[in-house]
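Every number in this text was worked out from the coordinates using simple rules, so none of it is lab data. Bear in mind that the values here come from a model prediction, so they are computed numbers and not experimental data. Virtual Cβ from ideal backbone geometry, glycine too; neighbours counted across all protein chains shown.
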2 protein chains.
Amino acid sequence: MHNNQFRKGELYSFITGMASTAIARRLQKKLNQAGLNITIEQWSVLYHLWKKHGLSQQELCNATFRDKPSITRLVDNLEKQNLVKRVPSQSDRRINLIYLTKHGQKLEEQTMRLADQTLTEALKTVPASKIEMCKEVLQVVYDNLT
Amino acid sequence: MHNNQFRKGELYSFITGMASTAIARRLQKKLNQAGLNITIEQWSVLYHLWKKHGLSQQELCNATFRDKPSITRLVDNLEKQNLVKRVPSQSDRRINLIYLTKHGQKLEEQTMRLADQTLTEALKTVPASKIEMCKEVLQVVYDNLT
DNA sequence: TTTGATTAGTTGTATAAACAACTATATGCA
DNA sequence: TGCATATAGTTGTTTATACAACTAATCAAA
């Protein structure tokens, strides 16, 4: 009852993800201003490749929470920009392993700095304890729905 | 320093909005399963029209945090589905006022119920106090970036 | 070993978002 | 009044997402 009413009030911003949309737009603007010709979505793929080279497309699907066609096309575009390369797996010919090119590797430091700046701007004025709690809630939400 | 390290760890899920994406997908699935042929984005426009009839496209831009071309096309699609109607303003011929059709009005109750269900599923196991704090943080983030 | 099911990836189609360039109308100031 | 400027909305282009249907390769069980 009380809970229900509470939720109705919160509905809109939770569902539309206004905060994360604002964060993504701010980061995209920073990337553009830095003359880096990549999208947030491409960045999110590179993010996982910086952590571990040679992921398959399916692994990128799982890591980025996208479906297979989305990853196919993101990898297409990353390849066009010469940031990654598809390498057929030796052991399983169905699989493409995705490797960063030198150009793709070089983007890590600069873009991570811009992402860090973006979060600093977004979370300034928010105490660390609240950020931690918020992050926990978002994780629970994700787990509840997946 | 400590703060910086904290943020780096949180980076990815904050920027990609994994929680809100999961919420939106769950609601979309419910809409589809109910045989309602509308997208989340269309729903977010209808949401504001249910609260106040006869908004201009510009007002819908502000309310939904979208740019003008996005609203033009969302209204195009809503009109195609006979859910809203563009009505030229009498006092200012640049302006279209957007009104719900009867069909559009009828969707309110059912879709709000589905949205409410979605949030209940997403936030079950999360105490109300944490939800409140999380909502505050997301609002601050939004305000910090807008 | 053959065949049926599963897995990895691609292609087609529809909707949406961001950005730039555009038209039409309104406003405000000289 | 007239012209510069601002505002409301549209159109074109690129990128991304979701879903369905598809191909190719692998696996597993009879």
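Running a GNM on chain A with Cα contacts under 10 Å, which residue among A:Thr16, A:Thr111, A:Thr72 ends up with the highest mean-square fluctuation?
A:Thr16
Given labels modelled 7 Å from the Cα in the Cβ direction, how far is it in nm from B:Lys80 to A:Ser70?
For the pair B:Lys80/A:Ser70, the computed spacing is 2.2 nm.
What's the angle, to the nearest 10 degrees (0 to 90), between helix A:18-33's Cα axis and the longest principal axis of chain A?
Approximately 40 degrees, to the nearest 10.
Lysines near A:Lys52 by alpha-carbon distance under 29 Å, same-chain residues fewer than 8 away left out - which ones?
A:Lys29, A:Lys30, A:Lys68, A:Lys80, A:Lys85, A:Lys102, A:Lys106, A:Lys135, B:Lys8
Give me the base-10 log of I(q)/I(0) for chain B at each q in 0.11, 0.14 Å⁻¹, Debye formula, one uniform scatterer per Cα, rounded to two decimals.
Taken in order of the listed q values, log10 I(q)/I(0) reads -0.54, -0.82.
Is it possible to state the helix-based mean residue ellipticity at 222 nm for chain A, with each DSSP H run of 4+ residues giving -39500 (n - 2.57), the sum divided by total residues, to the nearest 500 deg cm²/dmol? What is it? Present the calculation step by step, with values, prior to reporting the outcome.
On the way: 7 runs with 104 residues, N = 146.
Computed ellipticity for chain A at 222 nm equals -23500 deg cm²/dmol.
Report, by chain and number, residues whose modeled amide H sits under 5 Å from the one on A:Leu55, excluding near sequence neighbours (fewer than 5 apart, same chain).
Amide H neighbours of A:Leu55: A:Ile98.
Please say if the stretch B:27-79 is rounded, prolate or oblate, where rounded means a/c under 1.5 for a ≥ b ≥ c the square roots of the C-alpha gyration tensor eigenvalues, and otherwise the choice is prolate for a/b larger than b/c and oblate otherwise?
prolate
What's the extension gain from B:Gln139 to B:Gln90 if we count 0.36 nm per residue and subtract their Cα-Cα distance?
On the way: separation 49, 0.36 × 49 = 17.64 nm, distance 3.63 nm.
Taking B:Gln139 through B:Gln90 to full extension adds about 14.0 nm, to one decimal.
Considering only the label points, 7 Å along Cα→Cβ from Cα, what distances in nm to one decimal separate A:Thr72 from the same position in each other copy, shortest first?
Between copies, matching label points for A:Thr72 lie 3.2 nm apart.
So what are the three principal axis dimensions of the protein assembly as shown from its Cα atoms, in whole Å, longest to shortest?
Each principal axis gives a Cα extent; for the protein assembly as shown these are 62, 41, 38 Å.
Residues of the stretch B:98-140 with backbone nitrogen within less than 15 Å of a virtual label 7 Å along the Cα-to-Cβ line of A:Ser129, please, listed as ranges.
In the stretch B:98-140, the label zone of A:Ser129 (backbone N under 15 Å from the point 7 Å along Cα→Cβ) covers B:130, B:133-134.
Nearest 10 degrees is fine. How inclined is helix B:40-51 to the longest principal axis of chain B, computing both from alpha carbons?
70
Shortest first and in nm to one decimal, what separations exist between B:Asn32 and its copies in the other chains, measuring from label points 7 Å along the Cα-to-beta-carbon line?
Computed spacing set for this position: 3.1 nm.
At B:Trp50, label 7 Å along Cα→Cβ: distances to the other copies, nm, ascending?
Label-point distances to the other copies, shortest first: 4.1 nm.
Quick check on the stretch A:39-108: what are the equivalent-ellipsoid semi-axes from the Cα gyration tensor, as sqrt(5λ), descending, whole Å? All intermediate terms of the calculation are to be shown ahead of the outcome.
On the way: eigenvalues 56, 39, 24 Å².
Rounded to whole Å, the semi-axes are 17, 14, 11.
Quick check: pseudo-label points 7 Å beyond the Cα along Cα→Cβ at A:Asn32 and A:Tyr12, how many nm apart are they?
If labels sit at A:Asn32 and A:Tyr12, their model points lie 2.5 nm apart.
Compute the length gained on full extension between B:Gln117 and B:Thr21: take 0.36 nm times their separation in residues and subtract their Cα-Cα distance, giving the result in nm to one decimal.
Numbers: separation 96, 0.36 × 96 = 34.56 nm, distance 1.60 nm.
This chain segment gains 33.0 nm when fully extended.
If the label point is 7 Å along Cα→Cβ of A:Asn62, which residues in the stretch B:10-45 have backbone nitrogen under 20 Å from it?
Taking a point 7 Å out along Cα→Cβ of A:Asn62, the residues of the stretch B:10-45 whose backbone N falls under 20 Å are B:12-13, B:18-19, B:22.
Among A:Asp143, A:Asp67, which comes first, then next, by fewest other beta-carbon atoms within 10 Å?
A:Asp67, A:Asp143
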